[in-house]
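No value in this document is a laboratory result; all are computed from the given coordinates. This is a predicted model, so every value here is computed, not measured.
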Amino acid sequence: MRLFLSVVTAALTLSCMSCGNSAGLYPVRGKVLFKGEPASGATVTFVRKGVADPQTEPTPQGVVQEDGTFTLAGPTGAGALPGEYAVLVEWKEGAGKGRGRAPALNAPDRLKQRYLDPNKPLLKATVEAKSNNLPTFEVE
């Protein structure tokens with residue numbers, strides 16, 4: 001019986017280790033569409049709810065690829081901490097397929113900054129302590 005418990009404990013430990021990294025981050029993958037088409041080049045930022053000062057906690061980000069998908073990463077590694085998040089999306093003019101270079105920082109946001117207020121987010125997500133495949137975010 002003792003051997004069985006040791007084996008089960010070791011298996012559970014290994015399975016949990018494969019989900020997150022040493023910083024407590026878990027993989028997050030999602031998709032952003034604009035009028036049914038990929039929002040290629042948009043930046044997706046996750047701001048965790050309940051954080052007293054968002055400036056002190058790194059915010060994971062991802063860039064939407066040509067197929068509409070993104071994965072989150074931040075300064076401490078790939079993924080995000082478990083919790084509830086405001087999801088912010090900014091899509092600069094000139095970002096996306098075939099543009100050749102990044103848009104200027106002061107380029108206008110195609111979404112007119114509607115998805116940039118962490119205090120009144122139009123999009124939300126929950127990151128769990130596992131690999132996360134989020135539902136598609138539709139922006140307009």
Amide H within-cut-off set for residue 41, under 5 Å, with H built and near neighbours excluded: 64, 65
Hits among lysines - C-alpha to C-alpha of residue 130 under 29 Å, sequence gap 8 or more where chains match: 31, 49, 120
